[in-house]
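The values are calculated or read from the model by the stated rules, or taken from the named source; none is laboratory data. Source: prediction; values computed, not measured. Neighbour counts are summed over all protein chains in view; Cβ atoms, including those assigned to glycine, are modelled from backbone coordinates with ideal geometry. We work out accessible area using only protein heavy atoms, side chains counted, and drop any ligands, DNA or RNA first. Shrake-Rupley method; radii C 1.70, N 1.55, O 1.52, S 1.80 Å.
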Amino acid sequence: QLQLVESGGGLVQAGGSLRLPCAPTTTILGISAMGWYRQAPGEQRELVASFSSDHSITYTDSVQGRFTISRDIVNSTVYLQMNSLKPEDTAVYYCNAYYDGMDHWGSGTLVTVSA
């Protein structure tokens, strides 16, 4: 069973930055895709940024140019660097990994951006 742990969330003023790391609780090889999703209050969960199985990167339009996803393949860790944060980025951010034929999710980390 793959368990993911996110951290790095918190309260930040608009224009500030945060870095969210996500790693499995044990070292696992063969994770084909990893990424970050978020869910704001009253909204559906949406993709923020991800690495696909062919290592291509996808960003949702609203974070393009402000957020950067990176990956440490050896440690199966994925990072989300968030710059120029806006109040509309406020959400619970979830790490996702596709492994052994199914999606796995972390429990989420809350990011709150004040105006």
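Rounded to the nearest 10 Å², what accessible area does H104 have for a 1.4 Å probe in the complete protein model?
10 Å²
Once you list every other residue whose beta carbon is under 13 Å from the beta carbon of E6, what net charge do they have if Lys and Arg are +1 and Asp and Glu are -1?
In short, +2.
Sort D72, D89, D100 by heavy-atom solvent-accessible area, probe 1.4 angstrom, most to least.
Result of the area sort, largest leading: D100, D72, D89.
How much accessible area per residue does the chain have, counting only protein heavy atoms and a probe of 1.4 Å, in square angstrom?
53 Å²
Let me test this: with uniform point scatterers at the alpha carbons of the chain, what is the Debye-based log₁₀ I(q)/I(0) at q = 0.10, 0.12, 0.15, 0.21 1/Å?
So the normalised log intensities are -0.26, -0.38, -0.59, -1.13.
Take the solvent-accessible surface of the protein heavy atoms, probe 1.4 Å, and return the percent of it on the chain that carbon and sulfur atoms account for.
With neighbouring chains kept in place, the figure for the chain is 49 percent.
Calculate the FRET efficiency for T27 and Q64 from the Cβ-Cβ distance with a Förster distance of 35 Å, rounded to the nearest 0.05.
Efficiency, rounded to the nearest 0.05: 0.65.
Considering only C-alpha atoms, what is the centroid distance from the stretch 60-115 to the stretch 22-38, in Å?
Cα centroid to Cα centroid, the span is 12 Å.
Accessible area, 1.4 Å probe, largest first: how do R66, R45 sort?
R45, R66
Between T112 and I73, what is the spin-label point distance in nm, taking each point 7 Å from the Cα along the Cα→C-beta axis?
Placing both labels 7 Å beyond Cα along the Cβ direction yields 4.0 nm.
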